[in-house]
Amino acid sequence: MSSLAGKKLFPHKLLSAFMLGLWLLMNNTIAPGHWVLGFLLAWAIPFFTQSFWPQSMVLNRPLLALRFLLLVLWDILIANVQVAILIIGPRQKLSPAFMRIPLDLKQDFTITLLANTISLTPGTVTVDLQMEEGYLLVHGLNVDDIDQAIAGIKQRYEQPLKEIFECSNP
Amino acid sequence: MSFATEVVISLFLLLGACFALVGSLGLARLQDFFMRLHGPTKATTLGVGGMVIGSIIFFTAGEHELSLHELLIALFLFITAPVSAHIVGKAALHRQLPCEVRTKNVPWGNDGGKDSVDTN
Amino acid sequence: MLQSVIQITMFIIGVALVLNLWRLCIGPTMTDRILALDTMYINSIAMLIVFGMHEKSTLYFEGALLIAVMGFVGTVALSKYLLRGDIIE
């Protein structure tokens, strides 16, 4: 598929693959006709809207990306159990806190991914993003040591994201 | 449908329902807005996830062909739940809603700044 | 057995919806009400999926997907209104 594609003809290969998958899922079939129609749509929509998508996404290390995805899914499961225990438990013991997480990431898409990951995982929600000063404002449900929590998030989520999307980029 | 399949489906359904209930309970009983924000974004999303997996197994076993389109709902929710939590949180931050007294590091609390004084 | 489990599940989600409704009514601020409405959307999606299993029909899937899309758009629009309304003041 990718060997046939010229550079301009397929501006966003990952987006195209995603759209094809979405089309097949939506129709709940793998009939050949839907493959053809889905392929046509997955080519046409990114092709005609490519001026709206200035940044092209590059997946540097697919294996690491898969590992990151599994890690995040596992963390979501753990996060839910932890938050459930916190919610049911005594509410006077909770110690909520706001944290400022300085950003090392540069691209919009990667920052979006990081913010969404933080929102989905243990007891933290991203509430604000300051691009000029370069930090994320995060609210934690039960934080004992603020600096340790910040370091944990940076090491666990930001580092892999940086390696996957940004390292060998420029 | 065999008995084992029914047990698996029941497990997923009950687990999902419990998570949805816990999320709503958090929304109902926690003290300030920012703490309430945590319940719905996580627990409820996983609740729908459990329902979706149960539904996939149910229709796949019932009609003897793979039925995956419920996954779309889970995928969509996993993408949109953090986004809507972020924008609601941003609106709350903008209005400088009162926080629980124990909250550390309130962005507008210590260094005063804006016109609303007693936010606690 | 499955039918009774499905009914129990629907009951639990119903309780969750009532809790959301309570927060929607008493919510001290506007943002609380938006959050409660958003949670109600998500819980009704879960309810619709389970109801589809109860009726053994995949038709309800489309309804659930529509609620998911519309709920997201509604939440974002309401929050955006709160953000902008204060700026104009």
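The values are calculated or read from the model by the stated rules, or taken from the named source; none is laboratory data. This one's a predicted model, so the numbers in the text were calculated from it and none came from an experiment. Here the Cβ positions follow ideal geometry from the backbone for every residue, glycine too, while neighbour counts run over all protein chains shown. Remember, those area values only see protein heavy atoms, side chains included, never the ligands or the DNA or RNA. Shrake-Rupley method; radii C 1.70, N 1.55, O 1.52, S 1.80 Å.
Of the strands (runs of 3 or more DSSP E) lying entirely inside segment A:58-170, those carrying at least 1 residues that are touching a residue at least 40 places away in the same chain (Cβ under 8 Å) are A:97-102, A:135-140. Condition check: modelled with pLDDT under 80, touching an Asp or Glu at 6+ places or on another chain (Cβ under 8 Å), open to solvent by 30 Å² or more (accessible area, probe 1.4 Å) and within 26 Å of C:Ser79 (Cα to Cα). Does A:Gln107 satisfy that? So A:Gln107 passes the test. Once segment A:93-103 is narrowed to residues that are open to solvent by 10 Å² or more (accessible area, probe 1.4 Å) and at pLDDT 80 or above, the residue that is nearest to the other protein chains (Cβ to nearest Cβ) is A:Arg100.
The set of residues in segment A:64-92 being open to solvent by 30 Å² or more (accessible area, probe 1.4 Å) and within 22 Å of A:Ile150 (Cβ to Cβ) consists of A:Leu71, A:Trp74, A:Ile78, A:Gln82, A:Leu86. Tell me, yes or no, whether segment B:28-47 has at least one residue that is free of Cβ contacts under 8 Å to residues at least 60 places away in the same chain, farther than 23 Å from C:Ile12 by Cβ and open to solvent by 10 Å² or more (accessible area, probe 1.4 Å). No, segment B:28-47 contains no residue that is free of Cβ contacts under 8 Å to residues at least 60 places away in the same chain, farther than 23 Å from C:Ile12 by Cβ and open to solvent by 10 Å² or more (accessible area, probe 1.4 Å). In this structure, is B:Thr80 facing another protein chain (nearest Cβ under 7 Å) and closer than 24 Å to C:Glu62 by Cα? Answer is yes for this residue. Checked against the criteria, B:Val7 counts as of a type in the set (Val, Ile, Thr) and either assigned to a loop (DSSP other than H, G, I, E, B) or open to solvent by 10 Å² or more (accessible area, probe 1.4 Å) (or both). Kindly indicate whether any position in segment C:81-88 is over 16 Å from B:Val52 (Cβ atoms), of a type in the set (Lys, Arg) and modelled with pLDDT under 85. Yes, the conditions are met somewhere in segment C:81-88.
Table: residues versus (1) open to solvent by less than 60 Å² (accessible area, probe 1.4 Å); (2) in contact (Cβ under 8 Å) with a residue 12 or more places away in the chain; (3) within 7 Å of chain B (Cβ to nearest Cβ); (4) of a type in the set (S, T, N, Q).
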| residue | (1), (2), (3), (4) |
| --- | --- |
| C:Ile13 | yes, yes, yes, no |
| C:Leu21 | no, yes, no, no |
| C:Leu48 | yes, yes, no, no |
| C:Phe51 | no, yes, no, no |
| C:Tyr60 | no, yes, no, no |
| C:Ala77 | yes, no, no, no |
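In the set (1) open to solvent by less than 70 Å² (accessible area, probe 1.4 Å); (2) under 11 Å from the mean Cα position of the chain (by Cα), the condition left unmet by C:Tyr41 is number (1). In the set (1) more than 7 Å from chain B (Cβ to nearest Cβ); (2) among the hydroxyl-bearing types (Ser, Thr, Tyr); (3) over 28 Å from B:Glu6 (Cα atoms), C:Tyr41 fails one condition alone, (3).
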